[in-house]
Amino acid sequence: MSAFGRKPGIGGSAAGRPAFGVARPMKGGETASSPQSLQTPAPQQVPLGGGDQFPPLPPMDFADQPMSAAALKADAMTRLADRANAVVDNQYQAEGFEASVHKIKEQVLPRLLERVDPEAAATLTKEELSEEFRPIIMEVLAELKVTLNRREQFALEKVLIDELLGFGPLEELLNDPDVSDIMVNGPEQTYIEKKGKLQLAPIRFRDESHLFQIAQRIVNQVGRRVDQTTPLADARLKDGSRVNVIVPPLSLRGTAISIRKFSEKPITIDMLRDFGSMSDKMATALKIAGACRMNIVISGGTGSGKTTMLNALSKMIDPGERVLTIEDAAELRLQQPHWLPLETRPPNLEGQGAITIGDLVKNALRMRPDRIILGEIRGAECFDLLAAMNTGHDGSMCTLHANSPRECLGRMENMILMGDIKIPKEAISRQIAESVDLIVQVKRLRDGSRRTTNITEVIGMEGDVIVTQELFKFEYLDETDDGKIIGEFRPSGLRPYTLEKARQFGFDQAYLEACL
């Protein structure tokens with residue numbers, strides 16, 4: 001029996017057919033019954049274009065006119081030359097009205113601080129503080145002999161209050177719902193992400209000490225610290241946005257702040273489907289997977305939407321289940337009533353007292369959870385999660401960084417081997433194969449869109465290899481003139497191996513129809 005299910009000699013070249021993978025170009029004027037077609041032809045050189053009957057298609061330009069190879073090469077070289085010779089201004093310069101307001105702010109702020117009690121100001125809301133500040137600001141402006149119109153007064157009040165109570169220039173970006181990422185690269189350069197594309201932000205900081213002060217204000221809110229002795233810090237804002245801060249001497253261009261914003265409105269799987277992130281059948285399959293307590297790993301690159309996908313899947317958890325989430329910096333926003341978030345703790349100045357994700361996973365097993373959800377796994381805590389999945393906590397989920405479902409499994413093996421656990425690699429692979437049910441691969445494409453590119457089942461072991469089966473895949477088809485990627489979400493048409501789990505919850509028929 002061959003690898004393709006045929007016995008040698010049956011249906012092969014002896015029966016008048018070419019061997020598997022050897023195709024003959026079709027010839028015009030011959031029929032199946034003609035003597036020439038029944039004879040085995042002599043070996044011949046087959047043209048790469050597909051034979052006389054299928055000549056290669058000429059390349060087309062945007063106006064659907066054929067392009068010669070020389071024109072195609074010239075177009076590519078022109079674009080490369082433009083990229084190489086481009087001069088980009090990567091620093092924002094305030095002009096006009098905005099520049100004048102900031103110039104007045106630098107004069108007013110020191111005098112304002114002399115007249116304000118910081119402790120009393122901290123107890124007031126922004127609206128109350130604005131009412132208290134208005135007469136004081138007018139008094140300072142009179143001293144400086146500066147006259148402002150009503151619009152300039154409002155702008156100056158807002159800038160001053162953001163400086164005293166908020167995060168200074170960052171407040172404007174944090175309040176913009178279209179901004180999803182904020183990246184501060186020192187006091188003079190800030191980038192933002194809008195609709196998947198990076199662009200220079202219209203803000204700048206006074207100097208490095210101003211930026212460092214705002215960074216300290218952010219991390220101090222969650223009881224963490226950042227300075228030269230601890231130059232790295234993870235934190236979160238009140239709305240759940242994730243913040244990473246790195247300061248000199250590690251950052252050579254000054255304090256760097258990276259903020260990943262999250263939507264105030266909870267994202268659901270239906271919303272992701274409407275955004276074009278997945279097809280209707282994929283959405284149905286993921287809903288059933290979340291409701292049927294399948295163990296799911298969400299894999300993808302930085303900014304691909306792993307946490308968003310995890311939050312959306314959490315909507316399908318039964319409200320009666322007790323859910324524990326464990327993260328380095330709490331950013332998950334589960335949509336369940338019985339949800340308890342846990343957060344790690346960094347070591348103190350003496351290097352003592354650190355609580356890791358692995359410690360929290362072990363402790364969570366004593367807290368009677370129905371599901372354990374890890375925000376992200378990066379190391380040996382992966383083994384603790386697999387142990388939880390195998391000890392009656394079905395429906396556990398996590399995210400990790402990987403470029404494909406197969407790479408995701410390899411990374412899980414490597415993360416366990418990075419720890420001090422003395423277990424053979426084959427036993428680790430078997431543990432992963434028995435614990436994980438689905439791998440959901442998400443990706444941010446080059447046009448800025450985020451797509452669910454693969455939904456893959458983990459079936460089991462064959463020898464020392466983990467066997468997987470793809471249920472859905474995103475196929476790239478074309479690209480529009482404005483750079484938008486066109487593709488198709490294709491089901492594999494295979495019977496899902498996890499159908500038995502869906503049957504236990506009464507979703508087997510709907511799951512089968514979604515996957516076929």
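Bear in mind that the values in this text are calculations on the coordinates, not laboratory data. Everything numeric here is computed off the predicted structure, so don't read it as measured data. Here the Cβ positions follow ideal geometry from the backbone for every residue, glycine too, while neighbour counts run over all protein chains shown.
Counting only Cα atoms, the size of segment 269-515 along its three principal axes is 58, 41, 40 Å, in decreasing order. Share of pairwise Cα-Cα distances greater than 18 Å in segment 163-206 is 21 percent (whole percent). Here is the list for segment 302-400: GluC sites (Glu not before Pro) lying in DSSP coil, each with at most 15 other C-beta atoms within 10 angstrom of its C-beta, are 321, 350. When 165, 516 are arranged by Cβ crowding within 10 Å, least crowded first, meaning fewest neighbours, the order is 516, 165.
Taking Cα centroids, how far is segment 491-516 from segment 186-230 in Å? So the separation of the two Cα centres works out to 47 Å.
Sorting 152, 131 from the fewest to the most surrounding beta carbons within 10 angstrom yields 131, 152.
Rg over Rh for segment 425-516 works out to 1.08, both radii taken from alpha-carbon positions and Rh defined as the Kirkwood radius.
Roughly how far apart, in whole Å, are the Cα centres of segment 240-308 and segment 110-162? Segment 240-308 and segment 110-162 have Cα centres separated by 39 Å.
Using a cutoff of 8 angstrom between alpha carbon atoms and counting only pairs six or more residues apart, the relative contact order for segment 239-353 works out to 21 percent. What the Cα atoms of segment 167-263 give is an Rg and a Dmax of 12.4, 37 Å. Panel order for 307, 480, by other beta carbons found within 10 Å of each beta carbon, from fewest to most: 480, 307.
Scan segment 115-167 for trypsin sites (Lys or Arg not before Pro) in coil per DSSP, keeping those whose Cβ has at most 11 other Cβ atoms within 10 Å, and list them by number. Write down the numbers at each step before the final one.
Numbers: sites: 115, 126, 145, 150, 151, 158; in loops: 145.
Sparse-neighbourhood loop trypsin sites (Lys or Arg not before Pro): 145.
Less than 5 angstrom separates the built amide H of residue 233 from those of 245, all sequence-distant by 5 or more or on a different chain. Scalar couplings 3J(HN,Hα) for segment 384-393, obtained by applying the Karplus form with A = 6.51, B = -1.76, C = 1.60 to θ = phi - 60°, are 5, 5, 5, 5, 5, 4, 8, 10, x, 9 Hz; x denotes Gly and Pro. 3J(HN,Hα) along segment 235-240, derived from phi through the Karplus expression 6.51 cos²θ - 1.76 cosθ + 1.60 where θ = phi - 60°, amounts to 8, 9, 8, 5, 7, x Hz, with x in place of Gly and Pro. Residue-wise HN-Hα couplings along segment 459-467, as the Karplus relation 6.51 cos²θ - 1.76 cosθ + 1.60 with θ = phi - 60° gives them from phi, are 8, x, 10, 10, x, 10, 10, 7, 9 Hz; Gly and Pro carry x.
When you filter the trypsin sites (Lys or Arg not before Pro) in segment 398-502 for DSSP loop state and at most 16 other Cβ atoms inside 10 Å of their Cβ, you are left with 422, 446, 484.
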